[in-house]
Amino acid sequence: ARMKQQWTMTISMPVAFLVLSYAAFQPMEIKELMPALRSTWFALHIGSATFSYASFAIAGGLGVQYLTLMKKGHAESETRMKQCDYMTYRMICLGFLLLTVVILSGAIWAEQAWSRWWSWDPKETWALITWILYAIYLHQRMRMNWQGKRMAWFAVIAVICVLFTFAGVNKLLPGLHSYAV
């Protein structure tokens, strides 16, 4: 069964608007890339990060949908809630895999650029915190068989960590990744 497109549009349009608004207020001038960024790892690292964060954001939106459907309590909501729970899990699996690629490609790239795999830069540290948070989600889902309401809340709350890793770190914690502001 397919999820109704109405809900998807209700959530995705405001989120797209917010993301595009954020992008619109970023500096527009084109600058020469610093030497450390001129790497074959650039596309893999940044592309994986983008799709990882997007997967987590979708999972968070599905968590909100699950919680909203739960409050309605209709018989038809039960099937849709199960779909949301399953899709949340799938999106988090995808995001986790891609975030693993981000961290590993970043470590390899950092070793080539600065002769060290890890520097505890705020962005690296928060990416690791995010990775651990979603590893806990997957552990609870697979080993403890947690599903439903508590995992929906987990997905919603975890998006806050993703948002901080994506934008907050750049604005509040200077480091090697501060050029991404």
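Take the conditions of a type in the set (A, V, I, L, M, F, W, C), assigned to a helix (DSSP H, G or I) and within 28 Å of Trp41 (Cα to Cα) and apply them to Ala155. Does it pass? Spelling it out, it is not the case that Ala155 is of a type in the set (A, V, I, L, M, F, W, C), assigned to a helix (DSSP H, G or I) and within 28 Å of Trp41 (Cα to Cα).
Of the residues in segment 89-98, at least one is more than 18 Å from Glu124 (Cβ to Cβ) and crowded, with 21+ Cβ neighbours inside 10 Å. Among the residues of this structure, Ala158 does not count as one that is among the small types (Gly, Ala, Ser), touching a Lys or Arg at 6+ places or on another chain (Cβ under 9 Å) and either surrounded by 19 or more Cβ atoms within 10 Å (Cβ to Cβ) or on the phi < 0 side of the Ramachandran plot (or both). Under the condition of being of a type in the set (Asp, Glu) and closer than 23 Å to Ile58 by Cα, the residues counted in segment 84-134 number 2. Could you tell me which residue of segment 28-56 is surrounded by the fewest Cβ atoms within 10 Å (Cβ to Cβ), considering only residues that are touching a residue at least 60 places away in the same chain (Cβ under 8 Å) and more than 23 Å from Arg116 (Cβ to Cβ)? Here the residue is Tyr53.
Yes or no, residue by residue, for (1) in a helix (DSSP H, G or I); (2) in contact with a His (Cβ under 6 Å, 6 or more places away or on another chain); (3) under 26 Å from Gly168 (Cβ atoms):
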| position | (1), (2), (3) |
| --- | --- |
| Ala59 | yes, no, yes |
| Leu69 | yes, no, no |
| Gln83 | yes, no, no |
| Tyr86 | yes, no, no |
| Arg90 | yes, no, no |
| Phe96 | yes, no, yes |
| Val101 | yes, no, yes |
| Trp117 | no, no, yes |
| Trp126 | yes, no, yes |
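Residues in segment 103-151 that are in contact with a Phe, Trp or Tyr (Cβ under 8 Å, 6 or more places away or on another chain), of a type in the set (S, T, N, Q) and closer than 18 Å to Leu37 by Cβ: 2 in all. Among residues of segment 57-83 that are over 29 Å from Thr165 (Cα atoms) and among the hydroxyl-bearing types (Ser, Thr, Tyr), those with a beta-carbon under 7 Å from a residue that is at pLDDT 85 or above and open to solvent by less than 20 Å² (accessible area, probe 1.4 Å) at least six positions away or on a different chain give the pairs Ser77/Leu69.
Here is a yes/no grid of residues against (1) at pLDDT below 90; (2) within 30 Å of Tyr66 (Cβ to Cβ):
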{"site": "Arg90", "(1), (2)": "no, yes"}
{"site": "Gly95", "(1), (2)": "no, yes"}
{"site": "Leu98", "(1), (2)": "no, yes"}
{"site": "Ile103", "(1), (2)": "no, yes"}
{"site": "Ala107", "(1), (2)": "no, no"}
{"site": "Trp114", "(1), (2)": "yes, no"}
{"site": "Trp126", "(1), (2)": "no, yes"}
{"site": "His139", "(1), (2)": "no, yes"}
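A single member of Gln147, Gln112 is among the polar types (S, T, N, Q), over 28 Å from Ala23 (Cα atoms), in a helix (DSSP H, G or I) and in contact (Cβ under 8 Å) with a residue 12 or more places away in the chain, and it is Gln112. Residues that are at pLDDT 75 or above, open to solvent by 100 Å² or more (accessible area, probe 1.4 Å) and assigned to a loop (DSSP other than H, G, I, E, B) within segment 1-27 comprise just one, Phe25.
The values are calculated or read from the model by the stated rules, or taken from the named source; none is laboratory data. Values in this document were obtained by computation on a predicted structure and should not be read as measured data. As a convention, Cβ positions derive from the backbone with ideal geometry for all residues, glycine included, and neighbour counts pool all protein chains shown. The area values use the complete protein model at the heavy-atom level, side chains included, leaving out ligands, DNA and RNA. Shrake-Rupley method; radii C 1.70, N 1.55, O 1.52, S 1.80 Å.
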